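The values are calculated or read from the model by the stated rules, or taken from the named source; none is laboratory data. Worth saying up front: this structure is predicted, and the values here are computed from it rather than measured. As a convention, Cβ positions derive from the backbone with ideal geometry for all residues, glycine included, and neighbour counts pool all protein chains shown. Accessible surface areas use protein heavy atoms only, side chains included; no ligands, DNA or RNA. Shrake-Rupley method; radii C 1.70, N 1.55, O 1.52, S 1.80 Å.
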Amino acid sequence: VGEEVLLKCSFKSSSPITESLLVDWTYRPLSGGQMETIFHYQSVPHPTTAGKFKDRISWVGNVANGDASIAIQSPALSDNGTFSCSVKNPPDV
């Protein structure tokens, strides 16, 4: 609680990394409920502009190195849940 947390995501692709590469981070609360997209990356980072993670997520990845990690500032116990990272690098998924 209180310290920045790093959510690591690494990937490998058999296709060259291009500007078509997409990264999506989703979150589902511990209590269940709807999954929500909290971060999107395509050429540049697009953090969420609404919800509990607004203004608290930063991109720390480097897609050229197979890294799609993000950081969350000021985490709270209420942030507990399932975080999922999805990487698509057409035609490779």
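Data table
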quantity: Residue, farthest from Gly61 (Cα to Cα), within the stretch 18-44, restricted to residues that are aliphatic (A, V, I, L, M) and open to solvent by 70 Å² or more (accessible area, probe 1.4 Å); calculated: Leu30
quantity: Gly61 within 11 Å of the chain's Cα centre (by Cα) and not hydroxyl-bearing (Ser, Thr, Tyr); calculated: yes
quantity: Index of the failed condition, Val60 passing every other in (1) in contact with a Leu (Cβ under 7 Å, 6 or more places away or on another chain); (2) within 13 Å of Pro75 (Cβ to Cβ); calculated: (2)
quantity: Candidate set: the stretch 13-35, residues that are modelled with pLDDT of 95 or more and among the charged types (D, E, K, R); chosen: the one farthest from the chain's Cα centre (by Cα); calculated: Arg28
quantity: Flag for Thr48 being at pLDDT below 95 and either open to solvent by less than 60 Å² (accessible area, probe 1.4 Å) or touching a Phe, Trp or Tyr at 6+ places or on another chain (Cβ under 9 Å) (or both); calculated: yes
quantity: Residue match in the stretch 5-28 (condition: in contact with a Pro (Cβ under 7 Å, 6 or more places away or on another chain) and aromatic (Phe, Trp, Tyr)); calculated: no
quantity: Those residues of the stretch 1-57 which are closer than 20 Å to Thr82 by Cβ and hydroxyl-bearing (Ser, Thr, Tyr), in sequence order; calculated: Ser10, Thr26, Tyr27, Ser31, Thr37, Tyr41, Thr48
quantity: Number of the exception - Asn65 against (1) open to solvent by 70 Å² or more (accessible area, probe 1.4 Å); (2) of a type in the set (S, T, N, Q); (3) over 11 Å from Phe11 (Cα atoms); calculated: (3)
quantity: Breaking point among (1) surrounded by 11 or more Cβ atoms within 10 Å (Cβ to Cβ); (2) at pLDDT below 95, for Ser84; calculated: (2)
quantity: Strands (runs of 3 or more DSSP E) (entirely within the stretch 1-81) containing at least 3 residues that are within 21 Å of Asp92 (Cβ to Cβ), of a type outside the set (S, T, N, Q) and touching a residue at least 12 places away in the same chain (Cβ under 8 Å); calculated: 22-29, 36-42
